[in-house]
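Novice: What follows is a structure written as structure tokens; I'll ask about it next.
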Amino acid sequence: MKAAVSWNVKETSYKQSSTDAQKFTVSGTVTLPSGVDNDNKISLATSVEVSVNAYSAKVASAENNKITGIDVNGVYTTQTKISFTAVGAGMDNNSPKKGDTRYVPQSWTVINTNVWNAAPYTASFGLAQSGDYTLKVAFAQQQYDGSSWKATGTTDTRQVSFSIAKAKVTAPGTNLTPAANRKSSVKTGDNTPILPFVCILIIAAGAIGGVVFYKKKNKK
């Protein structure tokens, strides 16, 4: 025979928010099936012992701390704006429980050290000098105490090496056609238009020729 039992869970010592191991007793009352009489007045009270294992905390691994958006051993130029994002392990834990850990991006360094006080953990920078550089990001470990995240004092550093090359700058309007392929007159350094002078020289030559011809005719 099967009988239903109404369990009184609210009156137990069980703490739902606790992450510790628990052992408690749950009391209940048996409801007899229809048509079954309790002529002997047997107690319908019952109970059961319950054991709950301790919560296994979610411990974030420092190996999962990442720097995204910048290439390892990447080559950039002095005109490049480099942007990156620091991703801390365990930062996606939106429903933490006591004992859980995570790593929060704390600061980043290339030449100078810059600090993050809150998300988003992104930054951009540029470098005017060519050379080899290293981007370093420091992560601080935190542990949830049941009500808030607390720093543990443990830190982790991730780094990415990269290079900066000098950018090739072309002046605006510069003609990049090789000199051997250009079809233009040789310049003397004087930008004065030459066509009017050519016309004047042609007219002057004609006038001189006319004078010479006229003199020769008169001599005859």
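The values are calculated or read from the model by the stated rules, or taken from the named source; none is laboratory data. Please read all numbers here as calculations on a predicted model, not as lab measurements. Neighbour counts run over all protein chains shown; Cβ positions are idealised from the backbone, glycine included.
Novice: Among residues belonging to the stretch 110-168 that are farther than 17 Å from ALA86 by Cβ and of a type in the set (Val, Ile, Thr), point out the one that is surrounded by the fewest Cβ atoms within 10 Å (Cβ to Cβ).
Specialist: Only one residue fits best here, namely ILE111.
Novice: Checking THR19 against (1) surrounded by 10 or more Cβ atoms within 10 Å (Cβ to Cβ); (2) closer than 30 Å to ASP145 by Cα; (3) modelled with pLDDT of 90 or more, only one condition comes out false. Which one?
Specialist: Here THR19 clears every test but (3).
Novice: Surrounded by 11 or more Cβ atoms within 10 Å (Cβ to Cβ), under 30 Å from THR134 (Cα atoms), of a type outside the set (Gly, Ala, Ser) and in contact (Cβ under 8 Å) with a residue 12 or more places away in the chain: which single residue out of VAL50, VAL59, VAL30, VAL72 fits that description?
Specialist: Every option except VAL59 fails the conditions.
Novice: State whether the residues of the stretch 46-64 include one that is under 14 Å from the mean Cα position of the chain (by Cα) and over 23 Å from SER163 (Cβ atoms).
Specialist: Scanning the stretch 46-64 turns up no residue that is under 14 Å from the mean Cα position of the chain (by Cα) and over 23 Å from SER163 (Cβ atoms).
Novice: Could I ask something else about it? Only one of (1) under 30 Å from THR19 (Cα atoms); (2) out of contact with any helix residue (DSSP H, G or I) (no Cβ under 7 Å at 6 or more places or on another chain); (3) touching a residue at least 12 places away in the same chain (Cβ under 8 Å) is not met by SER83, so which one is it?
Specialist: Among (1) under 30 Å from THR19 (Cα atoms); (2) out of contact with any helix residue (DSSP H, G or I) (no Cβ under 7 Å at 6 or more places or on another chain); (3) touching a residue at least 12 places away in the same chain (Cβ under 8 Å), SER83 violates only (1).
Novice: OK, next. For LYS136, are the conditions met, namely being among the charged types (D, E, K, R), more than 30 Å from GLN16 (Cβ to Cβ) and either assigned to a strand (DSSP E or B) or free of Cβ contacts under 8 Å to residues at least 40 places away in the same chain (or both)?
Specialist: Yes.
Novice: Let me spell it out: the conditions are (1) under 30 Å from VAL137 (Cα atoms); (2) loosely packed, with under 10 Cβ neighbours inside 10 Å; (3) at pLDDT below 95, and ASP92 meets all of them except one. Which number is the exception?
Specialist: The one condition ASP92 does not meet is (3).
Novice: Something else: Could you tell me whether THR155 is of a type in the set (Val, Ile, Thr) and closer than 30 Å to THR19 by Cα?
Specialist: Yes: the conditions hold for THR155.
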